[in-house]
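Peer 1: Sending over a structure as structure tokens; questions will come in a sec.
The values are calculated or read from the model by the stated rules, or taken from the named source; none is laboratory data. From a predicted model like this one, the values you see are computed outputs, not experimental measurements. Every residue, glycine among them, receives a Cβ derived from its backbone with ideal geometry; neighbour counts consider all protein chains shown. We work out accessible area using only protein heavy atoms, side chains counted, and drop any ligands, DNA or RNA first. Shrake-Rupley method; radii C 1.70, N 1.55, O 1.52, S 1.80 Å.
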Amino acid sequence: MLTLLLLLLATAHGLDKLPYKPTLASHTLGGLMTATTFTLEQPRCIFTKVQRNAVIWLVVAIPKAVDNFNNSVAPGTPERAFQGFPTRAPAYMTLNTTLLNYPCPKPSGEITVLRVGSETSCAKDERRPTCNGPLPSPGSYRVKFLALDGSEPVAETNWSDLITLKAAQPFSSIPVMGSGHRAGMIALTSILSILFAILLAGLVALLVFWGSDVCGGSSTFSKSEPVTVQRYNIHHLQDQTAARL
């Protein structure tokens, strides 16, 4: 009943329901989805009937807030602040821009995506309630685009399908090596350590032996050996010479 009432109010205010459903960007783009962000295709050539100065907002909501979502609640209010999402605010509004940034047709070769959840600096700054901050959990979430002319809603798209982010893998679920493999690695490490110690000890012994050998060789040349002079007694030669005379 409430959903029908909201639909009647939207029709009475001239809200244009656009037959477009926001979609995730192409899988060929890297980093399409993370634990805190996701990437949407820009709504090119969708808001063709709104005034050029209308502001187009992205609405991010938890699934249970979709049916009762009130387009008249202004962005930046406590009910639409990112810092209160999803506990105090079941939906928030962000990434506001005009049609100038959604040209139609799309220029050839241009990447036309919106990165939802990419601003980390304003995530806790309540002075920036329209912050495009990281999503607080894997979700799920649903999104739509809403065009405002001043504070008046003038056009909206359909809600997207459920968007569920990647869940962070708990540490306990990370596979570890089996006990047998771990024991083998420990044994190999021990053997390598012993071999290294033996090699090091042999190298030290070699250095000590080489040092002592050098010291011993140099001492041989440092000492002068005594010179032995053999003396001959020549008295008998002198006596023979005197007799001949």
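Peer 1: Please enumerate the residues belonging to the range 81-122 that are open to solvent by 90 Å² or more (accessible area, probe 1.4 Å) and in contact (Cβ under 8 Å) with a residue 60 or more places away in the chain.
Peer 2: Residues satisfying the conditions are PRO105, LYS106, ILE111.
Peer 1: Can you name the residue in the range 89-124 that is part of a loop (DSSP other than H, G, I, E, B) and within 16 Å of ILE56 (Cβ to Cβ) and is also farthest from the chain's Cα centre (by Cα) among such residues? Write out each step before concluding.
Peer 2: Going through the range 89-124, the residues part of a loop (DSSP other than H, G, I, E, B) turn out to be 89-90, 102-112, 117-124.
Add one more test, that the residue is within 16 Å of ILE56 (Cβ to Cβ), and what stays is 102-104, 106, 112.
On the way: TYR102: 30, PRO103: 32, CYS104: 34, LYS106: 31, THR112: 23 Å.
Residue satisfying both the conditions and the ranking: CYS104.
Peer 1: Evaluate the following for PRO78: is it surrounded by fewer than 13 Cβ atoms within 10 Å (Cβ to Cβ) and modelled with pLDDT of 95 or more?
Peer 2: Spelling it out, PRO78 is indeed surrounded by fewer than 13 Cβ atoms within 10 Å (Cβ to Cβ) and modelled with pLDDT of 95 or more.
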